[in-house]
Amino acid sequence: MEQIEWGDFTKVELRVGKVIEVASFEKARKPAFILHIDFGPEIGIRKSSAQITQLYNPDTLLNKLVVAVVNFPKKQIGPIQSECLVTGFHDEQGRVALCVPDFDVPLGTKLL
């Protein structure tokens, strides 16, 4: 495992946001959703493409708190620009389980 310096880690802005809109990403190569995530007044609302359709549906995602990287450059994914990277873990079948806080925390809170 590659070691990194503490300063490298502190550059990554992992923030809590709330999913406020979910749409199927019909033009994606692999099944995905387009998420609109509210990170609070400092950061605002960001879009993300997320390949999480195997464990989640729009109803379970709406109003869900998620953890995302908000300081990557925008990335063109088909016809949309992804503005943040939602985090998660692959299970044994390769499905993505989202990284989420156990309790409500203010939107935009940075991971320590």
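Filter the stretch 84-112 for residues that are within 13 Å of the chain's Cα centre (by Cα) and surrounded by fewer than 16 Cβ atoms within 10 Å (Cβ to Cβ) and give the result. Phe89, Ala97, Cys99, Val100, Pro101 - these are the residues of the stretch 84-112 that are within 13 Å of the chain's Cα centre (by Cα) and surrounded by fewer than 16 Cβ atoms within 10 Å (Cβ to Cβ). In this structure, is Glu5 free of Cβ contacts under 8 Å to residues at least 60 places away in the same chain and more than 17 Å from Val100 (Cβ to Cβ)? The answer is yes for Glu5. Only residues that are closer than 18 Å to Leu14 by Cα and surrounded by fewer than 18 Cβ atoms within 10 Å (Cβ to Cβ) were counted in the stretch 64-78, giving 7. Exactly one condition in (1) in a loop (DSSP other than H, G, I, E, B); (2) surrounded by 12 or more Cβ atoms within 10 Å (Cβ to Cβ) is not met by Gln81; state its number. Condition (1) is where Gln81 drops out.
Just one residue in the set Val22, Val16 is surrounded by 13 or more Cβ atoms within 10 Å (Cβ to Cβ) and touching a Ser or Thr at 6+ places or on another chain (Cβ under 7 Å); that residue is Val16.
Exactly one residue out of Phe25, Phe39, Phe33, Phe72 is more than 21 Å from Leu107 (Cβ to Cβ) and of a type in the set (Phe, Trp, Tyr), and it is Phe25.
Within the stretch 25-38, can one find any residue that is part of a strand (DSSP E or B), of a type outside the set (A, V, I, L, M, F, W, C) and over 14 Å from Ile80 (Cα atoms)? Looking for residues that are part of a strand (DSSP E or B), of a type outside the set (A, V, I, L, M, F, W, C) and over 14 Å from Ile80 (Cα atoms), one finds at least one in the stretch 25-38, hence yes.
Taken together, the values in this text are just the output of simple stated rules run on the coordinates, not laboratory data. Small disclaimer: the values here were computed from a predicted structure and weren't measured. As a convention, Cβ positions derive from the backbone with ideal geometry for all residues, glycine included, and neighbour counts pool all protein chains shown.
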